[in-house]
Amino acid sequence: MIAERGTRVLNNVQAINEALDLALGRDERVVLFGEDVGTMGGVFRASDGLAQKYGEKRVFDTPLAESGIVGFGIGLAMAGLRPVAEIQFAGFLYPALDQILSHLGRMRHRTRGRFTVPMVIRAPYGGGVKTPEQHADSPEAILAHVPGVKVVIPSSPERAKGLLLAAIEDPDPVFFLEAIKLYRGVKAEVPEGYYTLPLGQARVVREGNAASLLCYGGMVEVCLKAAEVAAREGVELEVVDLETLIPLDTPTIVASVQKTGRAVVVYEAMRTGGFGAEIAARIAEEALDYLQAPILRVAGWDAPYPPFSAVEHFYRPDARRVLEAVRQVLVH
Amino acid sequence: MGVETVQYLDDTGQPLRDLPLSHSELLQGYRALRRARHFDERALVLQRQGRLGVYPPFRGQEAAQVGVALCLRPDYDWLLPSYRESAAALTFGMPISKLILSWRADPAGWGAPPNVNMVQFYIPIATQIPQAAGVAHAQRLLGKEAVAAVFIGDGGTSEGDFHEGLNFAAVFNAPLLVVVQNNGWAISVPTRKQMKVQRIAERAHGYGIPGVTVDGNDLVAVWSVAREAVNRARAGGGPTLIEALTYRVAPHTSSDDPSRYRTEEETERWLKRDPILRMKNCLLHLGLWSEDQEAALSEALEAEFLAAVEEADQAPEPKPWEIVEQVYQEMQPDQQAAWKYLRGEA
C-alpha cells in the first residue's frame with residue numbers, strides 16, 4: 001500500500017515533522033507541547049512551523065519542568081485529548097520517572113480502564129554527535145521496564161513517519177525515541193500522505209545465514225555497515241531491526257536465530273541490565289537448541305556515556321566492535 | 001486562627017457574621033458531614049474486623065473535604081484526591097460500596113462510575129497536581145467550563161510536583177483548585193519541620209495566583225471559599241490555592257500509632273474544634289435542627305452503610321488473571337501468555 005504512493009527523499013527530522021503535521025491536521029484532539037517546541041519549532045526543528053500553522057492552543061511551549069510536562073500530558077490525555085509531548089533529550093527524562101512509573105503506564109490498570117493515557121512522549125536519544133554531558137543517554141531499558149507503556153525506536157525516515165502516526169493513534173502511552181545521530185544522518189524515500197506502520201513488529205532489514213545481528217535505532221546503521229564489510233569476506237549476516245521494544249516481536253527474533261544459529265545483540269546503552277540482556281534471555285529460552293555459539297552483546301560500557309567527545313566513539317558500538325563479536329561467534 | 005484566616009463560625013459553632021449559605025445549604029452541608037463521619041467510623045470498624053485493608057481515616061477533616069466537593073458537579077468537574085480523601089470522594093458521588101471495595105484493594109472498587117469524574121485515590125504524594133493542571137487545561141481546550149479539584153496534605157507541598165503543577169496551572173490559567181489540608185502532620189513529621197513558611201497559602205504569590213487560608217474545621221468557610229474559587233475558575237480566572245487549617249485527630253492509617261510522635265493534649269484541643277460539632281451547634285443556634293432529626297439521620301446513615309456493605313460483599317472475588325488485564329487496551333503477547341497461564345490454560 002505504501003509503495004503505491006509517491007515518495008520524496010527526507011531525513012528523519014523532516015519525516016517526523018511531516019508525521020506531526022499530518023496528525024495535527026487529521027485529529028483535533030492532538031496537541032503538541034514541550035520546551036521550545038512552539039515558536040522555535042524544537043531544538044532539532046521537529047515541530048518547525050507547526051505552532052504557526054495550528055496556533056498556540058494546539059502547539060505550545062511549556063515551563064521547563066519534565067515531571068510537569070509528563071504529568072500535564074497525563075491529565076490532558078485522561079480528559080480526552082491526544083497529547084504528544086517532547087522531552088528535549090531522553091537524558092532529561094529522569095525527573096519525570098515518578099510520573100512515568102506511578103501513573104503514565106499504570107493509569108489504565110489502577111482505574112480499571114476508567115481513565116487511560118493515549119499519550120506519546122518523543123525524546124531524542126543516543127550518541128555519536130558530540131553532545132554535552134547527559135545529552136547522549138539511551139534510557140530505553142528503564143522505559144521498557146515500566147508496565148503499561150510501549151517503546152518504539154525507529155531507524156529510518158519512512159519507518160519513523162509511519163510508526164509515529166501509529167503511536168499517536170495508539171490507545172496506550174508510547175515512548176518514541178529518536179536517535180539523534182539519524183536525525184540528519186540518514187535520508188531516504190518517504191511515502192507521501194498519511195500512513196501508519198504496526199507497532200510490535202521487528203523486521204529483517206538484511207538477510208543472511210552466518211549470524212543474526214539484533215539491533216534498533218541508531219545501531220541499525222552500524223550493523224548494516226558491519227554486514228557490508230562481512231559480506232566482502234563472504235560472510236552473510238542477517239540484520240534484524242527490532243523497531244518496537246515493547247511489545248517485543250519475539251517470533252521474528254527467534255526465527256532469525258533459528259536460521260543462523262548465532263546471535264549478536266547490539267545496543268548503545270550500558271551493557272549490564274540493558275535491553276540486549278532481555279533479547280539474549282528470550283533467545284536462550286526459545287532457541288537454545290539452535291544456538292551454535294554463546295549469545296554476545298556489543299554495547300556501551302558500564303559507565304556513564306562519556307562527556308568528552310574525543311573518546312565517545314570508544315563507548316558507542318561501531319562496525320569494528322560488531323565484527324569482532326561476529327568473529328567470536330563464528331569460531332564456534 | 002490568624003486574622004487572615006477565613007472563618008464564619010467560632011470554635012463552638014456560633015456564627016461570627018452573616019453566613020453566605022442558605023438554610024437548605026446549611027442542612028445539606030451538615031448531612032454531608034455526618035455521612036462522611038459515619039463512613040469513617042464504620043470503615044475503621046470494618047478494618048478492625050479484617051474486612052478492609054489498610055485504611056487512612058479522615059476524622060476531623062470532614063469540613064475541609066466536604067466543603068469543596070459540594071461545589072463540584074461529579075459528571076462535569078473533576079476530582080483527583082489523595083488517599084485521605086474518602087470524604088471528598090463520597091460527597092462527590094462515589095458510591096459507598098465502591099469505596100469499601102477500593103479500601104479492600106479489590107479491583108472492583110478501582111475506577112469511578114461513568115458519571116463520576118474521580119480518579120482513583122493517589123498514593124504517591126503530589127503527583128496528581130501536574131495531572132490535575134492538565135485535566136483542567138483540557139477543559140478549556142475542549143470548550144467546557146468544568147474545573148478540576150485536587151487535594152493533598154501539608155507534607156505534599158514539599159514535593160517538586162506541587163510546585164511544577166501549580167506553576168503549570170498558573171501559566172496556562174487552568175481552572176484548578178489546589179486544596180492543601182494542612183493537618184499539622186505528615187505521618188510523624190510536624191509542619192514546622194516540613195517548611196519554613198507560616199502559611200502554605202502564601203506560596204500562591206510565588207506562582208502569581210490567588211491563595212487563601214481558611215479554617216478547615218468550619219464548613220461554612222470552606223464551602224464559601226471553594227465556591228468563590230470555582231466560580232472564578234469557570235469564568236476563566238484561573239487556579240486558586242486553598243489552605244485549609246485542620247487536624248488529623250486519628251492515626252495516619254489504621255497501622256499507625258500517633259502516641260509515638262504527638263501529645264494527647266494537642267489532639268484533645270482539636271477535638272473540641274470538631275467540624276461536625278461546630279456545624280451542629282450552628283444549626284441548633286439557628287433553630288434548624290433537633291435531636292430527633294439527629295437520631296433519624298443516624299438511623300438512615302446506618303441503613304445506607306449496611307446496604308452498601310452488603311453490596312460490596314457480593315462483588316465477585318478478583319480473579320488471578322485480572323492481574324494482566326487493563327495493562328494495555330489490547331493484551332500484548334507477554335500479557336496474553338501470562339493470562340493463559342493464570343487461567344490454567346497453558
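The values are calculated or read from the model by the stated rules, or taken from the named source; none is laboratory data. Note that the structure is predicted; figures quoted are calculated from it, not measured. Each accessible area value is taken on the protein alone, full model and side chains, heavy atoms only, with ligands, DNA and RNA left out. Shrake-Rupley method; radii C 1.70, N 1.55, O 1.52, S 1.80 Å.
Among A:G68, A:G34, A:G113, which one shows the biggest mean-square fluctuation in a GNM of chain A, springs joining Cα atoms closer than 10 Å?
Of A:G68, A:G34, A:G113, the Gaussian network model singles out A:G113 as fluctuating most.
Could you work out which residue, out of B:G211, B:G160, B:G184, moves most in a Gaussian network model of chain B, that is, has the largest mean-square fluctuation with Cα springs under 10 Å?
Ranking B:G211, B:G160, B:G184 by mean-square fluctuation puts B:G160 first.
Return the whole-Å distance between the Cα centroid of segment B:1-31 and the Cα centroid of segment A:18-85.
If we compute the Cα centre of each part, the gap is 45 Å.
Would you mind calculating the relative contact order of segment A:210-288 from Cα pairs under 8 angstrom and at least 6 residues apart, reporting the percent as a whole number?
Values: 99 pairs, mean separation 30.4, N = 79.
Rounded, it is 39 percent for segment A:210-288.
Per residue, what accessible area does the protein assembly as shown have, given a 1.4 Å probe and all protein chains present, in Å²? Before the final figure, lay out each step's value.
On the way: 26230 Å² over 678 residues.
Averaged over the residues of the protein assembly as shown, the accessible area is 39 Å².
Under 16 Å Cα to Cα from A:K187, which lysines show up? Leave out anything in the same chain fewer than 8 places away.
Hits, sequence-local ones excluded: A:K161, A:K225.
Sum -39500 (n - 2.57) across every DSSP H segment of at least 4 residues in chain A, then divide by the residue count to get the 222 nm mean residue ellipticity, nearest 500.
Numbers: 12 runs with 115 residues, N = 332.
Helix contribution divided over all residues of chain A: -10000 deg cm²/dmol.
Relative contact order for chain A: what percent, with Cα pairs under 8 Å and sequence separation of 6 or more?
Numbers: 756 pairs, mean separation 53.6, N = 332.
Contact order relative to length: 16 percent.
Count the DSSP beta bridges whose two residues both fall in the protein assembly as shown, then state the antiparallel fraction as a percent rounded to the nearest 5. Kindly include the intermediate steps, with their values, before the conclusion.
On the way: 13 of 69 bridges.
Roughly 20 percent of the DSSP beta bridges within the protein assembly as shown come out antiparallel.
Take each uninterrupted DSSP H stretch in chain A, measure its Cα extent along the helix axis, and return the ones at 24 Å or beyond whose mean Kyte-Doolittle hydropathy is at least 0.5. Can you show the working numbers first?
Working: long enough: none.
Sorted by number, there is nothing, because no helix extends far enough and scores high enough.
How large a share of the accessible area of segment A:36-161, in percent, is made up of carbon and sulfur atoms when the probe is 1.4 Å and the other protein chains stay in place? Write out the running numbers ahead of the final one.
Working: 1950 of 3750 Å².
Result for segment A:36-161: 52 percent of the exposed heavy-atom area is carbon or sulfur.
Mean Kyte-Doolittle of at least -0.5 and a Cα length of 20 Å or more along the axis: which whole DSSP H helices of chain B meet both?
Numbers: long enough: B:23-48 (38 Å, -0.85); B:219-234 (22 Å, 0.35); B:291-313 (33 Å, -0.21).
Within chain B the helices that satisfy the rule are B:219-234, B:291-313.
Heavy atoms of the protein only, probe of 1.4 Å, neighbouring chains included. What is the accessible area of B:E266 in Å², nearest 10?
40 Å²
If the elastic network links every pair of Cα atoms under 10 Å, which of A:D241, A:D289, A:D61 fluctuates the most in the Gaussian network model of chain A?
A:D289
Using protein chains only (no ligands, no nucleic acids) and a 1.4 Å probe, work out which residues of segment B:134-152 have their accessible area cut by at least 20 Å² relative to the chain alone.
Listed by number, the residues meeting the 20 Å² cut-off are B:G134, B:V135, B:H137, B:A138, B:L141, B:L142.
With a 1.4 Å probe on protein heavy atoms only, work out how much accessible surface A and B bury together, total over both chains, in Å² to the nearest 100.
Working: alone 13910 and 15770 Å², together 26230 Å².
Using a 1.4 Å probe, the pair buries roughly 3400 Å².
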